[in-house]
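First the structure, in the form of structure tokens, and then the observations on it.
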Amino acid sequence: QVQLVESGGGLVQAGGSLRLSCAASGRTMSMGWFRQVPGKEREFVASISWGGGRTSTADSVKGRFTISRDAAKNTMYLQMNSLKPEDTAVYYCAAFTVYSSNPSPRDVASWGQGTQVTVSS
């Protein structure tokens, strides 16, 4: 099993940037980010294979968000640029047994605790 700890959330104005980090302990796995707002299902944001060679981002964030990982630190990042108020959500780090370009929450083996991102207009 793997333990995930997120950091980097906060409050930012529309058009601003934030970088989320997710430090993993345990085995190396494919990883990704989901986000959730109250009353809605958790939605896929981005994923990256365990080696970092394959990445995928949701259409809603494509061109604005970039996922990456530092294998030496076993840490994954989500660089979020040109943030919009609709990006406001709790962002969750996730680990997968198998990489997927469009995973479902049911595919997740381990979750982080979540970090709040709030974008003001």
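Over the stretch 64-121, the fraction of Cα-Cα pairs per 10 Å bin, rounded to whole percents and listed from the shortest bin up, is 18, 48, 30, 3. Here residue 86 and residue 106 are evaluated by their C-beta separation; at R0 = 22 Å the FRET efficiency comes out at 0.35.
Taking every alpha-carbon pair under 8 Å whose residues sit at least 6 apart, the chain reaches a relative contact order of 36 percent. The largest-to-smallest principal axis extents of the Cα set in the chain are 40, 30, 23 Å. Remark on residue 10: its backbone amide H falls under 5 Å from those of 117, 118, a criterion applied only to residues 5 or more positions apart or on other chains, H modelled at 1.01 Å from N. The DSSP beta bridges internal to the chain are antiparallel in roughly 90% of cases. Using the Cβ-Cβ distance between residue 97 and residue 60 with R0 = 25 Å, the FRET efficiency computed as 1/(1 + (r/R0)^6) comes to roughly 0.50. Across the accessible surface of the chain, with the other protein chains kept in place and a 1.4 Å probe, carbon and sulfur atoms take up 47 percent.
The values are calculated or read from the model by the stated rules, or taken from the named source; none is laboratory data. Just so you know, these numbers come straight off a predicted model, no measurement behind them. Note that each Cβ is placed from the backbone with ideal geometry, even for glycine, and that neighbours are counted across all protein chains shown. We work out accessible area using only protein heavy atoms, side chains counted, and drop any ligands, DNA or RNA first. Shrake-Rupley method; radii C 1.70, N 1.55, O 1.52, S 1.80 Å.
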